[in-house]
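The values are calculated or read from the model by the stated rules, or taken from the named source; none is laboratory data. Just so it is clear, the model here is predicted, and its values are computed rather than measured. All Cβ positions, glycine included, derive from the backbone under ideal geometry; neighbour counts span all protein chains shown.
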Amino acid sequence: MKWFYIDTSITDGDRRQGPYSLDEIKNFVRDGKITEETLVWHSGETNWKPWKDFPEASEPPELTEEEILKQTIETLLSSKMQQKRYAGFFVRANAFIIDNLIISIFGAIFLYLLSFAGTIDLNAITELVNQYVDNPMSGEFISKALELPGMSTFFTIFTIVQAVYFIVFHAVWGATPGKRLLHIHVETSNGERISWALSIFRFIASIVTQATLTFYGLGYLIVLVEPQKRALHDFIARTRVVHDVIEQKSSTVNSKENNKEV
């Protein structure tokens, strides 16, 4: 079937352009040479009529190879960004260290306040710590520390602060400051934000994981071999720690820029 159209940009002579195939006509439409009001005719038609009145005008335009390739790449990149990247042992350990440094700062401030109030003897604590450094294998450190005046109160309050820290940050933001700095967060096995109840339960479960330190820390080490990199308390609470989507997008953008440079 041969197609023709009227080129209104021609002022003199025959303005009829053609013959063309339907694909060529559609390319002209894509390029703007043919508009909805452009008169078009093909063999079998009795009269010229606007392009918009042809059934072919309502058909979606066929994509070029370049456009198909572009859409395919965008689809693959989008699919890759939606995939979960589970946080491994070392990034989780670093986040845990950061969090405990933050808690320790508040603990040190509180310790000095108790010392200033005369509730705790810092000299006695310093002497006990030096003994522990000289003999770290001694299992009497905690018991001796609790015997010092005011230390039982300090440990009780410090434990409460630690529990509130992890429970609140996980329940409200899904991540503690340490995790947020490293762009990871905790979510349920269904990919949803954890609730207050689940945050409390997960913290209690983490105490069980800490207890495995007497067995070489197996509760933590399973992260190294478990497919979703879950620790023991993640199994118990049915949670997992994953990288933030923002980081995945950033990695994708960097990858595309590097490919361009290459």
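Observations on the structure shown:
- So PHE203, is it of a type outside the set (Gly, Ala, Ser), in contact with a Gly (Cβ under 6 Å, 6 or more places away or on another chain) and in a helix (DSSP H, G or I): no
- Output for region 90-127, where each listed residue is of a type outside the set (A, V, I, L, M, F, W, C) and surrounded by fewer than 11 Cβ atoms within 10 Å (Cβ to Cβ): GLY118, ASN123, THR126
- Residue that is farthest from SER58 (Cα to Cα), among those in region 1-31 that are modelled with pLDDT of 90 or more and among the small types (Gly, Ala, Ser): GLY18
- Any hit, region 169-179, residues being within 20 Å of ARG240 (Cβ to Cβ), part of a helix (DSSP H, G or I) and among the aliphatic types (A, V, I, L, M): yes
- Residue that is surrounded by the fewest Cβ atoms within 10 Å (Cβ to Cβ) [pool: residues in region 180-201 that are under 17 Å from ALA95 (Cβ atoms) and either of a type in the set (Gly, Ala, Ser) or out of contact with any Asp or Glu (no Cβ under 8 Å at 6 or more places or on another chain) (or both)]: LEU181
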